[in-house]
Amino acid sequence: MSRIVVIGAGVGGLTAALRLAAAGHRVEVHERSAVAGGKLGVYERDGFRFDTGPSLLTLPQVFDDLGLSPTPLDPVVRHVFPDGTVLDSSSSHPVFLERISAALGPEAAADWDRFWLRAARIWLASWRSVLQRPVTTRSLLGLSWRLGDLRAIAPGSSLRALGRRYLRDPRLRMMLDRYATYTGADPRRAPAALAAVPYAELHFGGWYLPGGLGTLGSALVDRCTALGVRIVLGSEVTGIPTRAGRVTGVRLRSGAVVPADVVVSNVDALTTYRDLLPAPSRLAQLGDRSLAGFVLLLGVRGDTPSLAHHTVFFPRCYDAEFDAIFGSARRRARPATDPTIFVTRAPDPDVHPAGSEAWFVLINAPRHGTGWSETDWRRPGLAGAYGRHILDVLARRGLDVRDRLHFLETRTPADLADSAAAPGGAIYGTSGGLVRPVNRGPVDGLYLVGGSVHPGGGLPMVTLSAQMVADRIGPAD
Ligand SMILES: Cc1cc2nc3c(=O)[nH]c(=O)nc-3n(C[C@H](O)[C@H](O)[C@H](O)COP(=O)(O)OP(=O)(O)OC[C@H]3O[C@@H](n4cnc5c(N)ncnc54)[C@H](O)[C@@H]3O)c2cc1C
């Protein structure tokens, strides 16, 4: 039996803790904030309960052993295009083809059908070669890829280029582009391999957890506790001491050292390498940083039949939004004036008082900071003004909620940076490239889990990273 300390109680950290405890190890989790869950946050006010982070659960089979009861969504997402066309996605391919045909015409449906075959090949290749396997820097660079898999994922090609090749209707291309932002990336630079994301979402479905996605966090905490994991909240780790190239434990803000044979860090990889190890180590593969999100939490009077559980309102010019939030050679990053607006409102009586709705509105946004591709989200007045602007834009797109508000609150990338120690408030850690920091640290006994390392961000991916690390550590002797 090893003494294992997990740093951080995000989904990756908690999943690693419960797997390792189930394998017979003695596990302790140290979390700097007063609550567990990390980016999987919950906020309650006046009888409304909001998920402040994830709102869409994909690949629910990854969470099978938690005893949750996910409910499938239909539509998975409602897409409202700038010309007013509405397209509801479906996890049944034939149904989705019918809907595409009715909304955009039979040629568009035939294009999507052709694209779908390619997306399936990409998904299979990624699942086999990347998502299920721990990687080393060497294998990440392609040495262990099967040739056929490499051809399917077309490593030199972008998601945008793949869309252009298969989809003639600009609205379908817009829909595909959006999946790059699911991983925090720009579709013009993100790899074509990201076609695996819509495939996973639509093939395995989009799901909701009654009571909100925050119930996943509570289930993880309960399972950890039942397995004897000690979760210490309000306990910030400030260092990972080592001796002769091997971890010896973790140092807490109080100065105390908790001895450990193995340390699993759920802290962002950059922070782990730069700030927690005794001699700052260089990350061989950092990957690109993911973009951030600006969030509105709205308590809304009445009901809104035009909204599905998830509805996305596209702008007239998607590229103007990407230029704004990622920054371009000529202009630094800034909040987009005419952004894509993603509205989630769960028709679940457990998350809002009768006669009202709890809306979570997400806008892709530059990370917090003062660099060229960042925005200083702490600038006085910015969050309030941008929040009101978003509601004006939504009204221009046909959904005016301004006189139905019980309250409006904002959460900026700076807020997420504070609450979840996410550098710049990046939603996913590292964005959608194939190359990410690996799960094994630079000293013996140190492992990394979570959105900034292989295989990436999003609830199923961080859970897979934790499963890979737990498998690598193995059962107690
Ligand atoms: C607005 C938003 C929307 C999202 N939407 C979706 C979605 O719809 N579907 C989906 O699948 N995913 C979504 N995601 C992404 C998903 O939330 C994340 O990928 C996932 O929750 C990250 O888990 P993680 O294991 O990387 O840990 P994190 O959530 O990053 O948690 C890390 C934990 O470590 C703690 N920590 C950091 N430093 C220290 C330290 N020094 N000492 C002790 N503790 C420390 C932090 O406080 C935090 O609790 C969304 C995220 C956001 C923010």
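The values are calculated or read from the model by the stated rules, or taken from the named source; none is laboratory data. Owing to the predicted nature of the structure, the values given are computational and were not obtained by experimental measurement. A quick note on method: Cβ atoms are made from the backbone with ideal geometry, for glycine too, and the neighbour counts reach across all protein chains shown. Note: accessible area is taken over every heavy atom of the protein model, side chains too, but ligands, DNA and RNA are not part of it. Shrake-Rupley method; radii C 1.70, N 1.55, O 1.52, S 1.80 Å.
Might you let me know whether the stretch 390-409 holds any residue that is charged (D, E, K, R), within 16 Å of the ligand (Cβ to nearest atom) and crowded, with 19+ Cβ neighbours inside 10 Å?
no
When the residues of the stretch 237-254 are narrowed to those that are surrounded by 14 or more Cβ atoms within 10 Å (Cβ to Cβ) and within 12 Å of the ligand (Cβ to nearest atom), which ends up nearest to ARG440 (Cα to Cα)?
Restricting to residues being surrounded by 14 or more Cβ atoms within 10 Å (Cβ to Cβ) and within 12 Å of the ligand (Cβ to nearest atom), the top hit is ILE240.
Quick check on VAL77: is it more than 30 Å from GLY249 (Cα to Cα), in contact with a strand residue (DSSP E or B) (Cβ under 8 Å, 6 or more places away or on another chain) and within 14 Å of the ligand (Cβ to nearest atom)?
Yes; evaluated as a whole, the condition is true for this residue.
Just give me the residues in the stretch 48-75 being of a type in the set (A, V, I, L, M, F, W, C) and farther than 30 Å from GLU409 by Cα, in sequence order.
Of everything in the stretch 48-75, those that are of a type in the set (A, V, I, L, M, F, W, C) and farther than 30 Å from GLU409 by Cα turn out to be LEU59, VAL62, PHE63, LEU66.
Would you check which residues across the stretch 14-59 are over 28 Å from HIS310 (Cα atoms), open to solvent by less than 30 Å² (accessible area, probe 1.4 Å) and either more than 9 Å from the ligand (Cβ to nearest atom) or touching a strand residue (DSSP E or B) at 6+ places or on another chain (Cβ under 9 Å) (or both) and list them?
Once the filter is applied, which keeps residues that are over 28 Å from HIS310 (Cα atoms), open to solvent by less than 30 Å² (accessible area, probe 1.4 Å) and either more than 9 Å from the ligand (Cβ to nearest atom) or touching a strand residue (DSSP E or B) at 6+ places or on another chain (Cβ under 9 Å) (or both), the stretch 14-59 yields ALA16, ALA17, LEU18, LEU20, ALA21, HIS25, VAL27, VAL29, HIS30, GLU31.
In the stretch 325-362, how many residues are among the aliphatic types (A, V, I, L, M), open to solvent by less than 20 Å² (accessible area, probe 1.4 Å) and in a loop (DSSP other than H, G, I, E, B)?
3
Answer yes or no as to whether ALA192 is buried (at least 18 other Cβ atoms within 10 Å of the Cβ) and not β-branched (Val, Ile, Thr).
Yes.
Just for the stretch 255-271: of the residues that are more than 12 Å from the ligand (Cβ to nearest atom) and outside any strand (DSSP E or B), which one is surrounded by the fewest Cβ atoms within 10 Å (Cβ to Cβ)?
GLY255
Here are some conditions: (1) farther than 26 Å from VAL76 by Cβ; (2) of a type in the set (S, T, N, Q); (3) within 16 Å of the ligand (Cβ to nearest atom). THR344 meets all but one. Which one does it not meet?
Single failed check for THR344: (1).
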